[in-house]
């Protein structure tokens, strides 16, 4: 609990390692949760706010420790909040590159050295007591210390102890030298980074550096917006250009009352007429028994109805498909009956016998 309190502490001090670790952890948490909860924008905004608040608190503690200019205080948290909102609402993968901005600003503040030497506990120094987190280590080290046996107040292993002491004393310089070399390498790296910061943000180069950084991130933002817009525009087009079955009809024959008969590729008789309907939709399907019930059968006067196999719309017209088994019965009724009704439309068959008789293809199909 004390450790969590230290994340939101405002008066304490954070060393370099703790500062950058908290910032990078906040960025990682936001990236992971915002990607997995992309459909819940409100939750993503709450997570973004908490991560920005933690970044702001650790930046304040780093500012207390390094005493850098207060104008940098809002840089990491503010840039994280702005870029995070863009990521949440643009919802495009490329926009995550914008998080390079708060990362670079945090690395910039990392180059400022501590103003004073302080005793840090897990990289923190302040009013929140974290000493309990170190007691476990100290107690454990004490419990593992060996107590040597003595006889008549004389240490039995005195000679061995002397030898061991000599070895330890001989080994300590090596360990201290290794640690010192490691610290020197770290300090050299930080000093080099600090020299880069001083060069880039000198009075002569500050404007150029800011202009280059701003241009880079504006380019990323523009690319994110362009690719996001392109995806949204192309998606509906892909749905509209979905592969459609190309239907070819043969032996089309038109009748006086503005309807036609023809055959499809499966030799099924089709009756077609113009109607004010939506294109490329299924009106009725016998296989599903769903759709407009008025299209279920074709009814001739004084004759039993004949089932339709399917009825669909295309090019502002209706197409009624029938089974090849009913072809001769349909043509006979069209030739000799007075009228028929289908899908709520009624058609006159006056002159239909003469029309069929003049056709070299349909005339042999009529049974007299």
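Every number in this text was worked out from the coordinates using simple rules, so none of it is lab data. As the structure is a prediction and not an experimental result, all values here were calculated from the model. Glycine gets a Cβ as well: all are built from the backbone with ideal geometry, and neighbour counts include every protein chain shown.
With kT/(6 pi eta Rh) evaluated at 20 °C and eta = 1.002 mPa s, and Rh the Kirkwood radius from Cα pairs, segment 283-323 diffuses with a coefficient of 202 µm²/s according to Stokes-Einstein.
Any chance you could tell me what percent of the C-alpha pair distances in segment 250-365 go past 26 Å? Of the Cα pairs, 12 percent sit more than 26 Å apart.
Counting neighbouring beta carbons within 10 Å and listing from fewest to most, the residues 9, 55 come out as 9, 55. Computed extension length for residue 70-residue 117: 14.8 nm, one decimal, from 0.36 nm per residue of separation with the Cα-Cα distance subtracted.
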